[in-house]
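**Q** Attaching a single structure in C-alpha cells format; questions to follow.
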Amino acid sequence: MLNKRCNESFVLNIFLRDCHFLNITVPFRLNIRLLISYLIFFLSIFLSLASDLKAAEPVATNIRIGTHLKKTRIVIDVSDKINYRIFALSDPNRIVIDLPEMTWRLPAKVISQNLVDNRNLINNFRYGYFRPGLSRVVLDIKKPARIKSVFIITPANGKNYRLVIDLVQTSRKKFLALIRESKLKKPLRTKKERDPSLKKELENQLYNMIPTKKKPRNEKRTIEKQKKVTIKPVVVIDPGHGGIDPGSTSGRVFEKHITLAAAKVIEFHLKSLGRYTVFLTRRNDKFVRLRKRIAIAKAHGASLFISLHADAIKNRRVRGLSVYTLSERASDKEAADLARKENKSDVIAGVDLSTESPIVSDILIDLRQRNTMNESSKLAIGLVKHMRKITKTLSNAHRFAGFAVLKSPDIPSILVEMGFLSNKADEKALLNPKYRAQLARSIGKAVDDYFSSN
Ligand code: ZN
C-alpha cells in the first residue's frame, strides 16, 4: 500500500525512493510536498532579491533645463552621489554628459516640456543606456557653448542629489579648443573597464573591431567535415536604434521598441521553419553602433542581414512599407533624406566620429559589393511582392540609398522601413502583435524564396 503511494508521485519518488523501508505514513508524505513548496517559495524570494541587488543602481528622476540671464542651467536629479564626465563634440555641436549606468524614471514629457523656452541653448536632448556601466545624456546645442560651472548639490530634507551644469555661449574657436581639451581628459570608466584583464576584451567591444576569419589549419579536413554536416544559413536581424537612440517617436511610441518587438517575432518565426540559424544584433533596449551591427553580422557568418526600422514624417497621411538596398546614388530625395536620418544614429548617441574612418559618407563600391548589392535587390524585390499581400507599400517600394548599416561588402543586406509611426493606421498595425506576426511570415516567405533560387 505504502509502496503504491510512493509510486503515485514522480517528484516524491525522486526524494523518497526508499520510502517503503522507512514505513512512511501519509502525513509525512504531505509534509514533503509542503517542504518542496517552501523550497520553491524561498528560492523565488532569493532570486528576486538577487535581481534587486543587481539592479541597485542610481535612479535619475528628472532633468530640468532653465535660463538664467545668459546662462542655460541643466539639473539632473539623481538618487545617489555619482561620478560624471562632461565633454563637447562638434559638427553637429553637442554637449555629452557621461554618468554611471542608471535607471531612468523621468516624467513622460520631460523632453518636450523642457524645450518650450527657446531662450536656452539647447535644441533637443536624449538620455539613456549607452554601454555596460555607462549612461549618457546628449544635449544638441544651438550655438557653440562652454561649461561655465558643474557641481553637485547634496540632498537636504530627503531630496535627491542634483547634478548642476551651467552653459554659456562661446565662440566657435573657443568651443573647438574645449573639445581638444576634453579629449585629453580621462573617460569615465566603469568598474569592469578598470580591470586590466578585461581591458583588451572591452577594447574590442568598444571600438567594434571586425573579427577576421581564421584560416583553417587543415583545409581538406574542414571541407570533409562540412560535407557531413548540413549548415543552416545564418540570418541576422537588426532591430534599429536602441538605448539612448530612440529612433522616430510618436507620442509615447518609440521606434526602438517597435523594431525590437518585430525582430523577436521574426526570429521566432524563422527559427520555427527549421531551415535557418537566426541572430539579433540586440536583444534588449541598448545602444549598438552602426559599424558594430555590421560586425555582429560578420562575426556570425551571416548569409543575410535584415535591418528593421519605422519612420515618422511631418505628413501624417503618408503610410506604407518600403524596402531599401545600398546604392551610391539614392533613388529619390526622400530615400536620401531617410538614409541621412538613419545614419545619424551614432551622432545622436554622442559618439565622437572625428577620429574614425568614415563608413557613412564614402561609399566605395567594389566588384564584390556590386554582386552583394544584386543579391540584396533580389531579396528586396521578393519581400515587396509578399508584403503587398498583407499591407500597404509605398509606390516604388524597393528603394536605394547609402545606408551605413547596409555596407557589408559580402553580406546581402536590406533595410525594411515597416511603416510610419506618424500615420495612425501604420502605427496601430505596428503596435499589433498579430500584424507583426504576419510581417514575420512574409519575411519568412521572402527568405525562403531567396535561398531556394540561390
Ligand atoms: Zn530608424
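The values are calculated or read from the model by the stated rules, or taken from the named source; none is laboratory data. The shown structure was predicted, so the numbers you read here are calculated from the model rather than taken from an experiment. So basically every Cβ, Gly included, is an ideal-geometry build from the backbone, and we count neighbours across all protein chains shown.
**Q** With (1) more than 16 Å from the ligand (Cβ to nearest atom); (2) part of a helix (DSSP H, G or I) as the list, and V235 as the residue in question, which single condition is left unmet?
**A** Here V235 meets the rest and fails (2).
Conditions (1) part of a helix (DSSP H, G or I); (2) within 16 Å of the ligand (Cβ to nearest atom); (3) within 13 Å of the chain's Cα centre (by Cα); (4) modelled with pLDDT under 95, marked per residue:
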{"residue": "N204", "(1), (2), (3), (4)": "yes, no, no, yes"}
{"residue": "N208", "(1), (2), (3), (4)": "no, no, no, yes"}
{"residue": "R217", "(1), (2), (3), (4)": "no, no, no, yes"}
{"residue": "Q226", "(1), (2), (3), (4)": "yes, no, no, yes"}
{"residue": "I231", "(1), (2), (3), (4)": "no, no, no, yes"}
{"residue": "K256", "(1), (2), (3), (4)": "yes, yes, yes, no"}
{"residue": "A261", "(1), (2), (3), (4)": "yes, yes, yes, no"}
{"residue": "V265", "(1), (2), (3), (4)": "yes, no, no, no"}
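**Q** Working carefully through the options K333, K271, K341, find the one that is within 16 Å of the ligand (Cβ to nearest atom), out of contact with any Lys or Arg (no Cβ under 9 Å at 6 or more places or on another chain) and among the basic types (K, R). Steps first, please.
**A** Values: K333 fails: within 16 Å of the ligand (Cβ to nearest atom); K271 fails: within 16 Å of the ligand (Cβ to nearest atom).
Only one candidate qualifies: K341.
**Q** If the requirement is being surrounded by fewer than 20 Cβ atoms within 10 Å (Cβ to Cβ) and either within 19 Å of the chain's Cα centre (by Cα) or part of a helix (DSSP H, G or I) (or both), which of these qualifies: S307, S272?
**A** S272
**Q** Given the condition at negative phi, assigned by TED's automatic domain parsing to the domain that holds D449 and away from the ligand (no atom under 16 Å from the Cβ), answer yes or no: does some residue in the range 305-313 qualify?
**A** From the range 305-313, those at negative phi are 305-313; that's our starting set.
Among the residues that remain, those that are also assigned by TED's automatic domain parsing to the domain that holds D449 are: 305-313.
Narrowing the set further to residues that are away from the ligand (no atom under 16 Å from the Cβ) leaves none.
Looking through the range 305-313, none of the residues is at negative phi, assigned by TED's automatic domain parsing to the domain that holds D449 and away from the ligand (no atom under 16 Å from the Cβ).
**Q** Okay, moving on. Being more than 11 Å from the chain's Cα centre (by Cα), at pLDDT 95 or above and surrounded by 20 or more Cβ atoms within 10 Å (Cβ to Cβ): is that true of H241 here?
**A** Details: more than 11 Å from the chain's Cα centre (by Cα): no; at pLDDT 95 or above: yes; surrounded by 20 or more Cβ atoms within 10 Å (Cβ to Cβ): yes.
No, not satisfied.
**Q** Any residue in the range 153-165 that is more than 26 Å from K70 (Cβ to Cβ), at pLDDT below 70 and among the aliphatic types (A, V, I, L, M)? Please lay out each step first, then the result.
**A** From the range 153-165, those more than 26 Å from K70 (Cβ to Cβ) are 154-161; that's our starting set.
Then drop every residue that is not at pLDDT below 70, which leaves none.
Taking every residue of the range 153-165 in turn, none turns out to be more than 26 Å from K70 (Cβ to Cβ), at pLDDT below 70 and among the aliphatic types (A, V, I, L, M).
**Q** Take residues that are small (G, A, S) and over 20 Å from the mean Cα position of the chain (by Cα) and tell me which of the strands (runs of 3 or more DSSP E) falling wholly in the range 114-158 contain 1 or more. So that I can check it myself, show each step before the final result.
**A** Numbers: elements: 122-131, 134-141, 145-153.
Those strands (runs of 3 or more DSSP E) span 145-153.
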